[in-house]
Structures are given as structure tokens and as C-alpha cells.
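A.B. asks: Just passing along the structure, written as C-alpha cells.
The values are calculated or read from the model by the stated rules, or taken from the named source; none is laboratory data. All values reported here derive from a predicted model rather than from experimental measurement. Please note: Cβ atoms are built from the backbone with ideal geometry, for glycine as well, and neighbour counts cover all protein chains shown. We work out accessible area using only protein heavy atoms, side chains counted, and drop any ligands, DNA or RNA first. Shrake-Rupley method; radii C 1.70, N 1.55, O 1.52, S 1.80 Å.
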Amino acid sequence: MAEMLLSRNIHVTFLVREGSYWNNVLPAEEAAMITEHIKEHHVDLRLSTELKEIKGDSNGNVCSVITTSGEEITCQFVGIAVGVSPNISFLKNTGIETDRGACVNEFFETNVPDIYAIGDCAQQKNPVPGRKAIEQIWYTGKMHGETLALTLRGERTAYNPGPFYNSAKFFDIEYQTYGTVNAEHGADEDNFFWQHENGKVGFRAVYKKESGIIVGFNTLGMRLRHALCNAWLQDGRSMDHVMENLAALNFDPEFSKKYEGDIAAGYLNKTGKIILPKKKRRYSLFT
Amino acid sequence: MTQIAVTEPSLSITEESKEQTLPQKVGGVCVAIGILALISAMSGAGKTYPALFFFLIIGFFSIGAVSYALPYFQGQAGIRNNGIMFKNMTSKGTIAWITAIALTGFYIIIYWYAWVFDGVIRIFDPLSRLLTNKPADQWFMYGAFYTLAVLLMGIRFIGKYRHSRYHVIRTVSVMFFQTGFAFLIPMILKKLNEPEYYFSYFWPLKYNYLFPSDVSSLVSSGKLGVFMVFWGAMMTFIATPLLTYKYGKRWYCSWVCGCGGLAETAGDPYRHLSDKSLKAWKIERWMVHSILVFITVTTLLLWINSYYKGGVLGSLSGFFAQWYGFFIGAVFSGVIGVGFYPIMGSRVWCRFGCPMAAVLGLFQRFKSKFRITTNGGQCISCGNCSTYCEMGIDVRWYAQRGQNIVRSSCVGCGICASVCPRGVLKLENGKEEGRFNDKPITIGKSNITVHL
């Protein structure tokens, strides 16, 4: 919303409840990078600040807001984006079991035959291990739909997603995540983070302390090949394997700056391990 | 009654921002002066003061264009197409139509009524004498304006896409080939009394280079002429299949060809206007391959006729060649090809008419290592890729099912990959095996297979 308003030369003040942008999902370093980037685009970003009151004029239009820091900000438009919750009030007194969302099993069946629920409003009674009961992103919505479509075509199919993945774009920085990367990694996990000095490119790998098996990736400003991430996460590859084959993982456009060397150097710094990333095979004229 | 202050910008998101920045105002004024100078030159002043009007016209157009392009170099680097659907010029508004009619008119005049432009042609005499030792003609003027357009709009393009090294390098390539191979070299060859030859164009695009008449006149002009014939044949029969095998059509259509060069630079503001319908795709396939058959048959007939020196075949082949030259070579590739930019997008010729595109497309589709990989399940179906595809390919259809894009019309401009908000698309050359992956499994569902 902020990006759209800025594209029309409309000044934006952005109130963010957390101390750093989206730091309930993004680890601290990534959150800091995005916070900086938002400011670079001349958004008046107010951290640890929430909306307290909206004031209107005599025409019923908004004329200012009051924030939790006590400041009054004049404005003509207030956009509120504080997350989604299932809108299931219309299911009251229908006999369909609801909790926070419409309750479904792994086939997306509700307790009423021939009635299904998928997407943002569906709540898995027995969530897939590692996944939330209510999944509210585009990708899971799409997978729910594709799974249910098979059932409706006659092949009763259970929801069986592979490794988690998500993506976003904050102004000019693309964000990708594969596997499980939380704001704070688990007690049995370690993580390796690398950031380019320009503050616009970052790479994080989370892995099990003991075995070195990878748990998840985050990238900012760098693209990873989904098929490969998916395969490595499913196969339980190790961090060493990842570092060795970084070049294969890269999905950036041709001629893009390569960061494998820098990332390997960063890994050496952290772990003392020298892993030389394999260079991508150069095709000869006759292959 | 409270009134909203007049100075506040409109919150209507469908209105373009009316405010012009200073560089844009300066740019507009310069272009206006350039147009005034152009009209004066046309009316006769160009004959009397060629050098003065040369600098006035070229100078003000250049400063104007660069000034207008300046905002693209400012601010954060990244893809932005703000206002493109609302601005008059890029959304088939009045200004776009005026531009289209003016461009079409320019082509019609230059092909069949060149005397109308005599005043402007004269301003190029000094440059023409420098490069060719001869006075300028309408084709020199055309080449000069064409090259200038690619260079100036190329600067704008580089500003807009400066975050992408691929685009910057590709644009420099296109600027280089247009300026060097499609303007300077042929002109200097003229000066050296050698054939005026365009090394970056060959059969079937520059069809006459393999016509018996051209081949014999090139061969008889000397050693360089013989080399030129070999060069043309080598490019058509060896380089084209090889390079297209390795890199796809893009090696030519987006990196070398002048038509492509203009389309990517001057045509960049219009790429979203291409027809996306299924009907257009069907028409395009019929047209472009028919034209390829037509020019192939014509070429063969001409050679057969030159061998047998017959009468019937002679007039038939001559008629084919003339007809092709007028309708395809002139009207289609020139008048419609460029004139229609602001209304139908930048690749009308490339998509519906170019026989070279047909040949390259056949190789790309059936024997090549090039594809646009779609990154697993990452597509969010926003449709930007299909919107900005200048060839009217429904890129999104492939992306959302995780299927690689292998299409004969894809010129590999790379814009779809740039406008994608999730980095789902990657132009790459890979193994031939599995290039189509046409039974795609969107990553993330371990137990689903797509039955086709």
C-alpha cells in the first residue's frame, strides 16, 4: 500500500508496532535491512508505534490520527494492514464446526459431507507437522486448491505439502524463504548469516547444530532455485553440501554479481571451515 | 464547509500525477524547439543553413531526450512502471495516436515522396560528405535518425533498468550494432567505393543478399564483395543455427538486429500494448511462416530463373520479388513496423512479418538449449510477465504451473523476468534434455502429479 501511494507522489507515514519491520517473522538482521530500505524510499517510518485514535472532520472524512507516542499526524487516508483472521461469522448456526477458522481434516472436509474449506479460513484439526493449523499465504492457498481439485475430480487426495516456502518483495528487495526460518532459531540449531555491504543482499542458512543438516534458508536480494532448495531440504542435505554447491542454488539473472565467494569467506570466518564453492560448469562451443 | 487544500495531491489512484519534474519540463521544451527547427528546415531553411540546422535539430532532440530520461537515473535502482497505464502517451491516448500517425507518415513520405523532406535531408550533407564522400539522400537521413533514436532511447532504457547488468550489457550491444554495423560501416564502405553492405543483416531478413542479382554484383565488385557473399551465406546457414542452438533467438533479436534494437529502446514504453489474445497468436503463426515460405520460394525461383534464363519464370520470379519488396520489405517492416509502435507495441514486424524471426523461432522451438525457467512454485499469478511481454506470450500461464517457457516467438528480451515481483523467471541456456518439462509438478506438493 505504501509503495502504491508513493508511486502517486503521495507522502506516507508508516506506523509499525514492532521495534523493527516484521521482526516477529524475520530474524533481526533481515528486519534491520528492510527497515533501512523502507526509510531509503522516503517513507516516514515510525517503529514501536501504533494507531490510537482516528479523528474526522465535519464531512466524515479522516483529518488526522493520534499515535501511541502521543503525536497527532494530519492525513487524508488511513490504511490498516495488521494481518488476516478467518471471516467465519456467516457460518454461525450452520452446523459446520468452527474454532478460529472452519475446521477441516487433511482432505479439507468439514464435518458436513460435501462441504469443504480451503485457504485463509480453513483450520486443520491435525496440522501437518511443522506447519500452522491456519495457513494464510498465497502459496498454501494455491496448494489447498490444487489438492482439493483432485478430490473433487474423483481422486480423494490428502494435503501433503513439501518443505515450506514463501516470498515477498519490499520495495526493491526481494525476499525468499525455504524450510523453517523463524525470527529466533531453535536451541538445537545454529545459523549462518551473510550480508553484502550495500545492505541490499543477504543470505541465511539455518541448520541442526549436531548433524549440520539444513533446516531452512532466507535470502534478500538474491534468488535461489526452488526445485533445488526443495530437493535438498527433503533429502536432508548438510550445510557443507550447500556451501559447496552454492553456485547451483543461484537463480539470479545472467551477468548478475556472484556472491558465492563472499559467502564462502563469511562461512570460513564463522566456522573455520574452508569450503570452495564449485564453479558452475561452463558449456563449451560444442556441448 | 471544510475544503481540502488545493495543493494536496489527488488521492484518486487512477489519475496520473500531473506535476512534471524540472528535467521533464526542460526536456519537453527542447523537443519542441527541435520540432520547430525540423519544420523550418523542411520548409527550405535546411538548404540554406545545413550545418546550423543539423546542430539545432540533433542537439535539441538529444538534450531533450536525455533530460527527459534523467529521472530514471535518480532515486533507488529497481523496476518501476509507474503510471504506464494512465499516461496518455503509453495508453493509446491522443498523443500516442498523433505520434503513430506522424511516424507512419514519416515512413510513407521517406519511401515514396522523399522530395518533401529535401530541406531536412540537406542538413545531413556535411555529415554525409564526411562519412561517404557523397551528398546525403533520404536513406542517410533515415539511418542517422534511426541510430539517434536507438542511442537516445537506449540511454533512457539503461537508466530505467540500471539495476540489471543483463539489460545494460544487452542495450550497449544493441547500440553498438546499430551505430557500427548498421550505420557507420556501410557508410564508410560507400566512401571507399565498396558495396554498401550491412554485416548485421542477412537472408531472409535482408533477402536481396542471397538474390542472384546482388550476389553477382557483389562478387564482381572485388575481393571484399566476395567476402561479403560468403559472410552472408555463413551467417544464414552456419551462424544462425549454431548460435540459436546455444542461446536461442535472443542472440539476434535482442542483441544484434536493428529492428530489435529500436523495439527495445524506443519501443520500451509501448511493449505492454502487444496483443495477448489467442487469435493474435494464431494469426502470427500463419503470417510469419507464410512470409518465410514466400521469400524462400521467391529466392529459389530467382536462382532457378538465373540458371535457366527463362522467360515465364523470369517474369514470375521478378513479380514475386517486386511484390515482396513493396509489401513486406517496405510497407510491413517499415511503415507498419515502426509507425504502429504507440498503438500496437514495438514488435509488430518481428511478430507477424519477419521471416528471420520465423527461421530463428523454428530453431529455438525445436533445436535449442534456451528456455525461460520458472522457479518452481514461486509464481503469484500477478500477470506482470504477460502484460509486459512484447510478443504477446502468456508467460504467466507457464509460470504458474512451473513449466519452462519455450516459444518460437520469444525474443529473449528479458523484460518478463525484470517485471516479475518474485524473481520467478530466468532466461538461461541449459541441457536440451528435459527442456520442456511439460508435465510440470509445482514444487511443494509431494504427492500430486498433473495429468495432461
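A.B. asks: Got a number for residues in segment B:51-90 being more than 14 Å from chain A (Cβ to nearest Cβ), aliphatic (A, V, I, L, M) and open to solvent by 40 Å² or more (accessible area, probe 1.4 Å)?
C.D. replies: The number of residues fulfilling the criteria is 7.
To keep it simple, each residue is scored yes or no on (1) in contact with a Gly (Cβ under 8 Å, 6 or more places away or on another chain); (2) farther than 30 Å from B:L427 by Cβ.
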{"position": "B:A114", "(1), (2)": "no, yes"}
{"position": "B:V120", "(1), (2)": "yes, yes"}
{"position": "B:R129", "(1), (2)": "no, yes"}
{"position": "B:D137", "(1), (2)": "no, yes"}
{"position": "B:M141", "(1), (2)": "no, yes"}
{"position": "B:G159", "(1), (2)": "no, no"}
{"position": "B:S164", "(1), (2)": "yes, no"}
{"position": "B:I169", "(1), (2)": "no, no"}
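A.B. asks: Let me ask something else. If a residue has to be assigned to a loop (DSSP other than H, G, I, E, B) and either out of contact with any strand residue (DSSP E or B) (no Cβ under 9 Å at 6 or more places or on another chain) or surrounded by fewer than 22 Cβ atoms within 10 Å (Cβ to Cβ) (or both) to count, how many in segment B:389-400 make the cut? Let's see the steps before the verdict.
C.D. replies: Of all residues in segment B:389-400, those assigned to a loop (DSSP other than H, G, I, E, B) come to B:389-394.
Those still in the list that are either out of contact with any strand residue (DSSP E or B) (no Cβ under 9 Å at 6 or more places or on another chain) or surrounded by fewer than 22 Cβ atoms within 10 Å (Cβ to Cβ) (or both) too: B:389-392, B:394.
Number satisfying all stated conditions: 5.
Residue-wise test of (1) within 14 Å of another protein chain (Cβ to nearest Cβ); (2) over 25 Å from the mean Cα position of the chain (by Cα); (3) at pLDDT below 90.
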position	(1), (2), (3)
B:T2	yes, yes, yes
B:P9	yes, yes, yes
B:E16	yes, yes, yes
B:P23	no, yes, yes
B:C30	no, yes, no
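A.B. asks: Going by what's in this entry, would A:R8 be described as surrounded by 14 or more Cβ atoms within 10 Å (Cβ to Cβ), of a type in the set (K, R) and within 14 Å of chain B (Cβ to nearest Cβ)? Before you say what the answer is, go through the steps one by one.
C.D. replies: On the way: surrounded by 14 or more Cβ atoms within 10 Å (Cβ to Cβ): yes; of a type in the set (K, R): yes; within 14 Å of chain B (Cβ to nearest Cβ): yes.
So A:R8 passes the test.
A.B. asks: OK, next. Looking at A:T140, is it within 16 Å of A:E109 (Cβ to Cβ), open to solvent by less than 20 Å² (accessible area, probe 1.4 Å) and either within 12 Å of another protein chain (Cβ to nearest Cβ) or part of a helix (DSSP H, G or I) (or both)? Spell out how you get there, then give the answer.
C.D. replies: Working: within 16 Å of A:E109 (Cβ to Cβ): no; open to solvent by less than 20 Å² (accessible area, probe 1.4 Å): yes; either within 12 Å of another protein chain (Cβ to nearest Cβ) or part of a helix (DSSP H, G or I) (or both): yes.
Spelling it out, it is not the case that A:T140 is within 16 Å of A:E109 (Cβ to Cβ), open to solvent by less than 20 Å² (accessible area, probe 1.4 Å) and either within 12 Å of another protein chain (Cβ to nearest Cβ) or part of a helix (DSSP H, G or I) (or both).
Residues checked against (1) of a type outside the set (F, W, Y); (2) in contact (Cβ under 8 Å) with a residue 60 or more places away in the chain; (3) part of a helix (DSSP H, G or I):
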| site | (1), (2), (3) |
| --- | --- |
| B:A358 | yes, yes, yes |
| B:G361 | yes, yes, yes |
| B:T373 | yes, no, no |
| B:T387 | yes, yes, yes |
| B:G402 | yes, no, no |
| B:V411 | yes, yes, no |
| B:E428 | yes, no, no |
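A.B. asks: Of all the residues that make up segment A:16-36, how many are more than 18 Å from A:V78 (Cβ to Cβ) and in contact with an Asp or Glu (Cβ under 7 Å, 6 or more places away or on another chain)? Even if it seems obvious, please write down each step before you answer.
C.D. replies: From segment A:16-36, those more than 18 Å from A:V78 (Cβ to Cβ) are A:18-36; that's our starting set.
Those left that are additionally in contact with an Asp or Glu (Cβ under 7 Å, 6 or more places away or on another chain): A:24.
Qualifying residue count, segment A:16-36: 1.
A.B. asks: Is at least one residue of segment B:144-158 away from chain A (no Cβ under 12 Å), open to solvent by less than 40 Å² (accessible area, probe 1.4 Å), over 30 Å from B:A114 (Cβ atoms) and not aromatic (F, W, Y)?
C.D. replies: Checking segment B:144-158: at least one residue is away from chain A (no Cβ under 12 Å), open to solvent by less than 40 Å² (accessible area, probe 1.4 Å), over 30 Å from B:A114 (Cβ atoms) and not aromatic (F, W, Y).
A.B. asks: Which strands (runs of 3 or more DSSP E) does segment A:187-287 wholly contain that include 1 or more residues that are within 14 Å of chain B (Cβ to nearest Cβ)?
C.D. replies: A:214-220
A.B. asks: So, in segment B:413-425, of the ones that are under 20 Å from B:V256 (Cβ atoms) and either more than 13 Å from chain A (Cβ to nearest Cβ) or outside any helix (DSSP H, G or I) (or both), which residue ends up farthest from the chain's Cα centre (by Cα)?
C.D. replies: The qualifying residue farthest from the chain's Cα centre (by Cα) is B:G414.
A.B. asks: Can you tell me which residue within segment A:166-182, out of those that are without any contact (Cβ under 8 Å) to a residue 60 or more places away in the chain and at the interface with chain B (Cβ under 7 Å from one of its Cβ atoms), is surrounded by the most Cβ atoms within 10 Å (Cβ to Cβ)?
C.D. replies: Restricting to residues being without any contact (Cβ under 8 Å) to a residue 60 or more places away in the chain and at the interface with chain B (Cβ under 7 Å from one of its Cβ atoms), the top hit is A:S167.
A.B. asks: Condition first: within 14 Å of another protein chain (Cβ to nearest Cβ) and open to solvent by less than 80 Å² (accessible area, probe 1.4 Å). Now tell me which residues in segment A:77-105 satisfy that.
C.D. replies: Result: A:V78, A:G79.
A.B. asks: Could you pull out the residue among A:T35, A:T13 that is within 18 Å of A:E174 (Cα to Cα) and surrounded by 12 or more Cβ atoms within 10 Å (Cβ to Cβ)?
C.D. replies: Criteria check complete, one pass: A:T35.
A.B. asks: Which condition does B:T236 not pass, out of (1) open to solvent by 30 Å² or more (accessible area, probe 1.4 Å); (2) modelled with pLDDT of 95 or more, if it passes all the others?
C.D. replies: So B:T236 meets the others, but not (1).
A.B. asks: Additional query: Mind checking which residues of segment A:258-280 are touching a residue at least 40 places away in the same chain (Cβ under 8 Å) and loosely packed, with under 14 Cβ neighbours inside 10 Å?
C.D. replies: A:K270
A.B. asks: Yes or no: B:I393 among the aliphatic types (A, V, I, L, M) and at pLDDT below 95?
C.D. replies: For B:I393, the condition - among the aliphatic types (A, V, I, L, M) and at pLDDT below 95 - is not met.
A.B. asks: Here's a follow-up. Considering only segment B:277-289, how many residues are open to solvent by 60 Å² or more (accessible area, probe 1.4 Å) and out of contact with any helix residue (DSSP H, G or I) (no Cβ under 6 Å at 6 or more places or on another chain)?
C.D. replies: Of the residues in segment B:277-289, 7 are open to solvent by 60 Å² or more (accessible area, probe 1.4 Å) and out of contact with any helix residue (DSSP H, G or I) (no Cβ under 6 Å at 6 or more places or on another chain).
A.B. asks: While we're on this one: For the structure I just gave you, tell me whether B:H163 is open to solvent by less than 10 Å² (accessible area, probe 1.4 Å) and within 14 Å of chain A (Cβ to nearest Cβ).
C.D. replies: Working: open to solvent by less than 10 Å² (accessible area, probe 1.4 Å): no; within 14 Å of chain A (Cβ to nearest Cβ): yes.
In short, no.
A.B. asks: Of the residues B:W112, B:W97, which single one is open to solvent by 70 Å² or more (accessible area, probe 1.4 Å), of a type outside the set (S, T, N, Q) and in contact (Cβ under 8 Å) with a residue 24 or more places away in the chain?
C.D. replies: Answer to the check: B:W97.
A.B. asks: If a residue must be closer than 28 Å to A:W22 by Cα, within 14 Å of chain B (Cβ to nearest Cβ) and surrounded by fewer than 14 Cβ atoms within 10 Å (Cβ to Cβ), how many such residues does segment A:57-76 contain?
C.D. replies: Residues that pass the stated criteria total 1.
A.B. asks: Kindly state which helices (runs of 4 or more DSSP H) lie completely within segment B:247-315 and contain at least 2 residues that are at pLDDT 95 or above, under 30 Å from B:F176 (Cα atoms) and out of contact with any Leu (no Cβ under 8 Å at 6 or more places or on another chain).
C.D. replies: In segment B:247-315, the matching helices (runs of 4 or more DSSP H) lie at B:258-265, B:278-308.
A.B. asks: Hey, B:K223 hits all of (1) away from every other protein chain (no Cβ under 14 Å); (2) open to solvent by less than 30 Å² (accessible area, probe 1.4 Å) but one; which does it fall short on?
C.D. replies: Against the list (1) away from every other protein chain (no Cβ under 14 Å); (2) open to solvent by less than 30 Å² (accessible area, probe 1.4 Å), B:K223 comes up short only on (2).
A.B. asks: Taking A:L150 as meeting all but one of (1) open to solvent by less than 30 Å² (accessible area, probe 1.4 Å); (2) touching a strand residue (DSSP E or B) at 6+ places or on another chain (Cβ under 9 Å); (3) within 14 Å of chain B (Cβ to nearest Cβ), write down the number of the exception.
C.D. replies: With (1) open to solvent by less than 30 Å² (accessible area, probe 1.4 Å); (2) touching a strand residue (DSSP E or B) at 6+ places or on another chain (Cβ under 9 Å); (3) within 14 Å of chain B (Cβ to nearest Cβ) applied to A:L150, the lone miss is (2).
A.B. asks: Within segment B:338-358, is even one residue open to solvent by 20 Å² or more (accessible area, probe 1.4 Å), over 27 Å from A:P253 (Cβ atoms) and of a type in the set (V, I, T)?
C.D. replies: Yes, because at least one residue in segment B:338-358 is open to solvent by 20 Å² or more (accessible area, probe 1.4 Å), over 27 Å from A:P253 (Cβ atoms) and of a type in the set (V, I, T).
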